[in-house]
Amino acid sequence: MDVALFIPCYVDQLAPQVGLATAAVLERLGCRIHFDPAQTCCGQPFVTTGAHAEAARLAARHQRVFEAKDAVVCPSASCVATVRHRYADLIGADAARALAARTYELGEFLVRVLNRKDVGARFPHRVALLESCHGLRELELGWPTERTSRAPRLGLTESLLRAVQGLELCNVARRDECCGFGGAFSVEYPELSGRIGRAKLDALCESGAEFVTGTDASCLLHLDGLRRREGRGPRPIHLAEILAAQ
């Protein structure tokens, strides 16, 4: 299958290893990878701050870059959620619907399109899963507590991690609570963002995990900043990096 890589701007600038790991996993499974360097920000920061004109300009560019692609795969739940749930107001419902139908977060592409959970990864470490808000509630990559019955269902991201050889998944208290990043929220309300993040860091420390993983590098970078300042907590690693490990 031909796959176009949709690489978030913060991955490109701050965590390029996540993009490389994404390509490695897809190529291992037989996909032909294409990367168009003309891509830029999907517009998410402008959407969340109410800058509609700027967001619409970036969304229109994003549509032009990816309009002829059969499948668009991105290692970011929040960016995929932006395309799926915000673009109708920016580029029109029909164009947004067509683009959303072929845009996937990496994990859901592996499970729902390629029908693969075991991707041949090996990562012999204790790992905690950070359920990012967009992935959990807008892409349904997991099951938040307000939607589960007495027996919680196994989330999509968790199913991928459980198939990794040697990986021990650690239980995290209040696992579906926000890490405090929230994009522009962390800039406008840094004290509150930090307090929420430290509460999440406490829960991660209590889990006994060596690493914390998730589907959004932005959330992981936020927690890593807190970890470095506090001098404690598991090291962040993106889901793509774990799935690429052998």
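Is there a quick way to get the dipole size of the stretch 81-214? I mean about its Cα centre, with the Cβ of Lys and Arg at +1 and of Asp and Glu at -1; what is the value in debye to the nearest 20?
Details: 19 positive and 18 negative charges, 81 e Å.
I would put it at about 380 debye.
About the Cα centre of the stretch 163-246, how large is the charge dipole given +1 on each Lys and Arg Cβ and -1 on each Asp and Glu Cβ? Please answer in debye to the nearest 20. If you can, show how the numbers build up before the last one.
Details: 10 positive and 12 negative charges, 42 e Å.
Magnitude of the dipole: close to 200 debye.
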**Study point:** Other-chain or far-sequence residues with amide H under 5 Å of Ala71's (modelled H)
**Key:** Ala4
Exercise for review: Run the quick spin-label model on Ala60 and His34: label points 7 Å from Cα toward the beta carbon, then report their separation in nm to one decimal.
Suggested key: 2.3 nm
Exercise for review: Quick one: dipole size for the chain, taken about the Cα centre, charges +1 on Lys/Arg Cβ and -1 on Asp/Glu Cβ, in debye to the nearest 20.
Suggested key: 320 debye
Review point. Which of Arg137, Arg162, Arg228 moves most in a GNM of the chain, Cα contacts under 10 Å?
Key: Arg228
Study note, to complete from the structure: Simple SL model, points at 7 angstrom along Cα→Cβ for Arg232 and His85; separation in nm is 3.3 nm
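Expressed as a rounded percentage, what relative contact order does the stretch 106-165 have, with Cα pairs under 8 Å and six or more residues apart? Working shown, then result.
Working: 51 pairs, mean separation 26.7, N = 60.
The value is 44 percent.
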**Study point:** Highest-MSF residue in the chain out of Leu14, Leu161, Leu220 [GNM, Cα springs under 10 Å]
**Key:** Leu14
Review point. With the chain treated as a Gaussian network of Cα nodes joined by springs under 10 Å, which of Gly135, Gly50, Gly214 yields the largest mean-square fluctuation?
Key: Gly50
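Report, in deg cm²/dmol and to the nearest 500, the calculated mean residue ellipticity at 222 nm for the chain, where each DSSP H run with n ≥ 4 adds -39500 (n - 2.57) and the sum is divided by the residue count.
Working: 13 runs with 116 residues, N = 246.
Taking each H run of at least 4 residues, the total per residue is -13500 deg cm²/dmol.
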Exercise for review: Have a look at Val119, Cys79, Thr40 and report the one farthest towards the positive end of the charge dipole of the stretch 1-121, computed about the Cα centre with Cβ charges (Lys/Arg +1, Asp/Glu -1).
Suggested key: Val119
**Study point:** Protein accessible area in the chain, 1.4 Å probe - carbon and sulfur %
**Key:** 49 percent
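If you roll a 1.4 Å probe over the heavy atoms of the protein chains, what accessible area per residue do you get for the chain, in Å²?
On the way: 11600 Å² over 246 residues.
In whole numbers, the chain has 47 Å² accessible per residue.
The values are calculated or read from the model by the stated rules, or taken from the named source; none is laboratory data. Predicted model, so just to flag it, every value in this text is computed and none were measured. Virtual Cβ from ideal backbone geometry, glycine too; neighbours counted across all protein chains shown. Just the protein is used for accessible areas: all its heavy atoms, side chains included, with ligands, DNA and RNA removed. Shrake-Rupley method; radii C 1.70, N 1.55, O 1.52, S 1.80 Å.
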